[in-house]
């Protein structure tokens, strides 16, 4: 599948790029559905926000839109994936960054993970991970390039028969799945863990938090203790590619599928 670096069609990246050497950058993964990028304004907002928090220069958004249009022309219009990576570029060997220089922008295309469509219909099973997420509020909620915790989590997942992992922080709080945000349903309340210390704030999480009140949901973003999972009416997880996926089992506890999740799935494709 094709890749563009700073708008040029190429698979080559400079060996001195700080994204490669230091993980100095961030990214967003976009779903293509029906020939369009789902929730692109939220992805752009996330990228802009991360550039600001990391004191990186903003990309040329007009040029990036042109590259995305090219990428769309190479995608399966029904379902596909586009990944946008922004790095601080090449600035020498040391840690000290040169601020506000134009970043390097990498756009890649991929096939859509078809198993997500099955997950949306039938749900997934979770098992609690042994690996815990470390707290770093300065980086919390951002999708930075340093994803080694998630690499280790995926290696751990291969040891189980579950579909994904329930991930806690070092204090035992519920945070997320290995690559998705988690929501609990209790009555008309949607409860999702605070990401003030660690975890990734996905664009589907943001979209749901922004629009749920219009659909008569009461939202709670707060610390979630593990024993609360025993008392929820239903649960689901979200990310940009899967939308909303019901959780049907957490460890040894079956979890019912709420009819409301179908409404949430449709909402997240808008």
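Quick note on the stretch 32-84: its Rg to Rh ratio, both from C-alpha atoms and Rh being the Kirkwood radius, is 1.02.
Could you give the semi-axes, largest first, of the ellipsoid that matches the stretch 55-188, computed as the square roots of 5 times the alpha carbon gyration tensor eigenvalues and rounded to whole Å? Could the numbers behind the result be given before it?
Numbers: eigenvalues 192, 113, 38 Å².
They are 31, 24, 14 Å, listed largest first.
Simple spin-label estimate for residue 76 and residue 33 gives 1.5 nm between the two label positions (7 Å along the Cα-to-Cβ direction from each Cα). Relative to the longest principal axis of the Cα atoms of the chain, the long axis of helix 40-53 makes an angle of roughly 70 degrees. Label positions at residue 186 and residue 83, each projected 7 Å from the Cα along the C-beta direction, are separated by 3.7 nm.
Here's the picture: a label point sits 7 Å out from the Cα of residue 154 along the beta-carbon direction, and within the stretch 101-140 the residues with their amide nitrogen under 15 Å of it are 110-116. Based on DSSP, what percent of beta bridges with both residues in the chain are antiparallel, to the nearest 5? The antiparallel proportion sits near 80 percent. The label point for residue 122 and the one for residue 138, both projected 7 Å from the Cα toward the Cβ, are 4.5 nm apart. Summary of the geometry: the stretch 33-79 and the stretch 211-226, compared by the centres of their Cα atoms, lie 27 Å apart. In the frame of its principal axes, the stretch 144-231 has Cα extents of 39, 31, 24 Å, reported largest first.
For the stretch 113-270, what is one quarter of the convex hull surface built on the Cα atoms, given in nm²?
8.7 nm²
The alpha carbons of the stretch 3-111 give a radius of gyration and a Dmax of 13.9, 44 Å, in that order. Each 5 Å bin from zero holds the following percent of Cα-Cα pairs in the chain: 1, 6, 12, 16, 18, 17, 14, 9, 5, 2, 0. Tell me the angle of helix 148-157 to the major Cα principal axis of the chain, expressed in degrees between 0 and 90 and rounded to the nearest ten. Tilt relative to the chain: about 40 degrees. Net length available on complete extension from residue 266 to residue 231 is 10.0 nm, with 0.36 nm assigned per residue and the Cα-Cα distance removed.
No value in this document is a laboratory result; all are computed from the given coordinates. If you're wondering where the values come from, they're calculated on a predicted model, not measured in any experiment. We place every Cβ from the backbone using ideal geometry, glycine too, and count neighbours over all the protein chains shown.
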